[in-house]
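This is the structure I have questions about; it appears just below.
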Amino acid sequence: MDPMFRYFLGFQVAADRAGWLARQLPPVSGDLFAGLKPQLYHLTLCTIAETMEPQPFLRGQVAKAFGVGVPAASPIPFGRIVSRGAGAELITAGSIGTIRQTYDAIVARLAAQGIEPMHRKSGLHPHITLGYGTCEFDPVPVAWNWTPRDLVLIESHIGHRRHRVLQSWTLEPPAQGSFGFMAEDLPAPLLRAA
């Protein structure tokens, strides 16, 4: 039997940006394509369980994994909306090195509680699904450098397009980089401390 519930960690798109993203999707014709409601837009980092019955204790296990805190947020560089065989999605452009570091830190915290991510054999391919079903359109450029604010644990009712946020954790802001030209402006005691 197929599972009825999926539990995953990811980043939910804020309502204002989700509405903006929905307007970027080109008109899609065809009876087989169904756009997602913008309030369901998210980026899945990892699925941690697929079950026939709800898992009421899973939230507590995940919360325990993040009792020591969650990693800092990292910017995710999106570049275009594309049609795929199974739907439409917003995909990244350029390097995903910083989101990879965030993902690795999250997975390490989960592993300490015996929680293993599923379905990552092909690697991490950050994207936001905008709709499901057959669709064809030319890629739409969308330059968006997104820094998520919260990590969320979602219970998805498979096949019903229902998501329930079980818990969220506010991410620390990304580390501020420094630039070489700034060193001239720092007082000498601060330079020694850096």
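The values are calculated or read from the model by the stated rules, or taken from the named source; none is laboratory data. No experiment lies behind these values; they were computed from the predicted model shown. Methodologically, a virtual Cβ is constructed for each residue, glycine included, from the backbone with ideal geometry; neighbour enumeration extends over all protein chains shown. Remember, those area values only see protein heavy atoms, side chains included, never the ligands or the DNA or RNA. Shrake-Rupley method; radii C 1.70, N 1.55, O 1.52, S 1.80 Å.
Quick test for you: out of A22, A14, pick the one residue that is over 21 Å from R84 (Cβ atoms) and either acidic (D, E) or at pLDDT 90 or above (or both). Spell out how you get there, then give the answer.
Numbers: A22 fails: over 21 Å from R84 (Cβ atoms).
After ruling out the rest, the residue left standing is A14.
Looking at (1) over 23 Å from S168 (Cβ atoms); (2) in contact (Cβ under 8 Å) with a residue 60 or more places away in the chain; (3) within 18 Å of the chain's Cα centre (by Cα), find the lone condition where A34 falls short.
It is condition (3) that A34 fails.
Give the stretch 1-40 a look and list any residue that's small (G, A, S), assigned to a helix (DSSP H, G or I) and surrounded by fewer than 12 Cβ atoms within 10 Å (Cβ to Cβ), or say none.
Scanning the stretch 1-40 gives a single hit, A15.
Let's see how each residue does on (1) touching a His at 6+ places or on another chain (Cβ under 7 Å); (2) free of Cβ contacts under 8 Å to residues at least 12 places away in the same chain; (3) under 25 Å from A86 (Cβ atoms):
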residue	(1), (2), (3)
R109	no, no, no
A112	no, no, no
M118	no, no, yes
L124	no, no, yes
C135	no, no, yes
W144	no, no, yes
L151	no, no, no
I154	yes, no, yes
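Would you point out the residue of the stretch 51-90, among those that are assigned to a loop (DSSP other than H, G, I, E, B) and open to solvent by less than 60 Å² (accessible area, probe 1.4 Å), that is modelled with the highest pLDDT?
F66
Still on this structure: Mind checking which residues of the stretch 91-100 are assigned to a strand (DSSP E or B) and either in contact with a His (Cβ under 6 Å, 6 or more places away or on another chain) or free of Cβ contacts under 8 Å to residues at least 12 places away in the same chain (or both)?
I91, the sole residue that qualifies.
Which condition breaks for H125 when tested against (1) open to solvent by 40 Å² or more (accessible area, probe 1.4 Å); (2) at pLDDT 90 or above; (3) under 19 Å from F78 (Cβ atoms)?
(2)
Among the residues that make up the stretch 132-155, is at least one of them under 18 Å from the mean Cα position of the chain (by Cα), over 25 Å from R100 (Cα atoms) and assigned to a strand (DSSP E or B)?
yes
Under the condition of being over 24 Å from I48 (Cβ atoms) and aliphatic (A, V, I, L, M), which residue from the stretch 128-156 is surrounded by the most Cβ atoms within 10 Å (Cβ to Cβ)?
V142
Another question about this same structure. So which residues in the stretch 86-104 are within 15 Å of the chain's Cα centre (by Cα), polar (S, T, N, Q) and more than 27 Å from G133 (Cβ to Cβ)?
T98, Q101, T102, listed by residue number.
For the stretch 159-171: of the residues being at negative phi and surrounded by fewer than 13 Cβ atoms within 10 Å (Cβ to Cβ), which is farthest from the chain's Cα centre (by Cα)?
H160
Based on this model, can you work out whether E116 counts as open to solvent by less than 70 Å² (accessible area, probe 1.4 Å) and acidic (D, E)?
So E116 does not fit the description; no.
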